[in-house]
Amino acid sequence: MARCVGVLALQGAFREHMTALARLGVAAREVRKLQDMDAVDALIIPGGESTTIGKLLIDGGMLDPLRKRITAGMPVYGSCAGLILLCRNIEDSEQPRLGVLDATVRRNAFGRQVDSFETELSMPVLGVEPVSAVFIRAPVLTSVGDNVTVLAQINGQAVAVRQDNVLATSFHPELTTDSRIHSYFLTFTV
Amino acid sequence: MEQGTIRLKTGLAEMLKGGVIMDVTTPEQAKIAEAAGACAVMALERVPADIRAAGGVARMADPTIVKKIMDTVSIPVMAKARIGHFVEARILEAMGVDYIDESEVLTPADDKYHIDKRDFTVPFVCGCRNLGEALRRIAEGAAMIRTKGEPGTGNVVEAVRHCRQVMDEIRQLCALPDAEVPNFAKEAGAPLEVCLAVRKEGRLPVVNFAAGGIATPADAAMMMHLGCDGVFVGSGIFKSGDPAKRAKAIVQAVTHYKDYTMLAEISRDLGEAMVGIDISTIPAGERMQERGW
């Protein structure tokens with residue numbers, strides 16, 4: 001069966017993920033409504049505002065069905081806001097979430113926008129060459145469960161993780177031309 | 001590690017896309033905006049409709065108000081500085097505001113020069129009425145653009161005019177033969193290299209939001225259809241009868257702007273919209289959109 005990757009397009013940088021997938025020659029479609037999910041085999045949750053996306057997921061009746069699909073094994077990748085939405089625990093927040101990733105996240109962990117930064121980040125699963133990582137008002141994972149593999153960290157805190165079919169990064173590969181993280185995610189779908 | 005790069009500045013604007021940025025004047029309003037799904041708030045002392053009514057010189061908000069709003073919400077907080085007032089901008093940057101709007105809603109502080117925004121770590125958004133104005137602001141370092149519209153009127157016609165104007169000029173610029181581009185740049189008053197960036201991308205090199213007169217979910221959805229990446233709503237929410245409900249409706253309208261059945265549902269029972277102003281009744285000298293150069 002031909003695979004099709006959905007990009008959650010409720011709010012945020014969904015266009016950049018669509019572009020990244022197009023660069024890799026992968027069929028992709030924007031997901032705005034629950035029905036759009038029927039046609040996709042995997043999902044990317046983009047960066048954006050996690051509280052906004054969470055509310056729109058609830059308003060659209062998508063939160064529970066999405067959680068069921070992910071729990072049943074659908075590959076999902078969340079960047080920044082997407083990572084927050086995937087986490088089970090969010091420090092100091094009751095905001096809506098999918099809660100499928102066994103981890104605790106701290107939002108805006110590096111500070112405000114003036115503290116945002118770019119850095120070269122070692123991520124061995126992608127090879128020896130570091131990734132150019134863009135952190136914008138970014139979160140970090142302050143703790144992760146035993147079933148979660150840490151793929152990259154900054155100051156000893158996880159900023160990229162995998163738990164079976166779930167991939168999450170604090171940073172935004174979609175803002176760069178390095179496609180390795182998207183390629184790595186696509187290996188989950190075969 | 002690098003900070004304050006153009007990628008970080010334009011990147012935050014990319015994250016705001018498909019969202020609604022709401023004007024708020026108190027922590028209570030900021031909470032309502034966040035709960036309604038705003039992707040950011042603009043912290044102000046007065047919304048544009050009240051600035052218009054009050055007259056006199058409008059300046060940067062009291063830092064106490066901005067700080068209280070920053071402490072109240074987890075979403076990005078923007079604040080306005082006067083056109084050309086680089087010290088107001090430095091103060092807002094020092095406070096840790098996430099985005100600065102160099103805004104015609106406030107009284108300009110310099111009648112010739114906008115702020116040199118390249119030199120700041122904090123990113124800036126600026127208003128425009130046409131492509132030349134947008135590209136001059138981008139050349140000065142703006143990492144996000146919005147239409148000027150006519151703030152505080154609840155009348156979308158000027159935002160529509162400015163958006164159509166920008167889009168029309170982008171199409172013209174992209175269709176020109178190479179030999180005619182330098183003259184286009186000259187006539188638009190825009191730097192050639194930014195014109196070339198537009199031709200390469202087929203669009204503005206930064207995110208472009210609608211602003212200035214959006215009052216209903218249908219207004220917001222129309223601006224998305226015209227090619228805007230998101231919307232600012234100033235007076236339209238907290239000058240209406242039921243701000244929480246209208247705010248949530250506008251957030252949904254920006255996401256589902258192509259789904260008219262959904263828009264019909266979203267637009268129901270929102271209470272009184274803000275009272276609008278016919279643009280022709282505003283004397284030319286009092287139109288905020290004329291501010292900026």
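The values are calculated or read from the model by the stated rules, or taken from the named source; none is laboratory data. Values in this document were obtained by computation on a predicted structure and should not be read as measured data. Cβ coordinates were reconstructed from backbone atoms using ideal geometry, including for glycine residues, and neighbour counts include every protein chain displayed.
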For the range B:94-104, what are the residues that are within 18 Å of the chain's Cα centre (by Cα) and free of Cβ contacts under 8 Å to residues at least 60 places away in the same chain? B:V97, B:I100, B:D101, B:E102, B:S103
Take the residues in the range A:90-136 that are free of Cβ contacts under 8 Å to residues at least 24 places away in the same chain and more than 14 Å from every other protein chain (Cβ to nearest Cβ), then tell me which one is nearest to A:P173 (Cα to Cα). A:E129
Could you give every pair whose Cβ atoms fall below 8 Å, whose first residue belongs to the range B:208-222 and is in contact (Cβ under 8 Å) with a residue 60 or more places away in the chain and under 22 Å from B:E102 (Cα atoms), and whose second residue is buried (at least 24 other Cβ atoms within 10 Å of the Cβ) and aromatic (F, W, Y), counting only separations of at least 6 or pairs across chains? B:F209/B:F232; B:A210/B:F232; B:A211/B:F232; B:G212/B:F232; B:I214/B:F232
Any idea which of B:G212, B:G154, B:G227 is assigned to a loop (DSSP other than H, G, I, E, B) and touching a His at 6+ places or on another chain (Cβ under 8 Å)? B:G212
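Looking at the range B:1-15, which of its residues are at pLDDT 95 or above, at the interface with another protein chain (Cβ under 7 Å from one of its Cβ atoms) and not in a strand (DSSP E or B)?
B:Q3, B:T5, B:R7, B:L8, B:G11, B:L12, B:E14, B:M15
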Can you pull out the residues in the range B:256-293 that are under 30 Å from B:R137 (Cβ atoms) and charged (D, E, K, R)? B:K258, B:D278, B:E286, B:R287, B:E290, B:R291
One residue is enough: does the range A:71-89 have a residue meeting the conditions assigned to a loop (DSSP other than H, G, I, E, B), over 15 Å from the mean Cα position of the chain (by Cα) and within 14 Å of another protein chain (Cβ to nearest Cβ)? no
Condition first: more than 14 Å from the chain's Cα centre (by Cα) and hydroxyl-bearing (S, T, Y). Now tell me which residues in the range A:46-70 satisfy that. A:T51, A:T52
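Condition check ((1) in a loop (DSSP other than H, G, I, E, B); (2) out of contact with any helix residue (DSSP H, G or I) (no Cβ under 8 Å at 6 or more places or on another chain); (3) farther than 28 Å from A:R15 by Cα) across all residues:
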{"residue": "B:D110", "(1), (2), (3)": "yes, yes, yes"}
{"residue": "B:G149", "(1), (2), (3)": "yes, no, no"}
{"residue": "B:Q172", "(1), (2), (3)": "no, no, no"}
{"residue": "B:V194", "(1), (2), (3)": "no, no, no"}
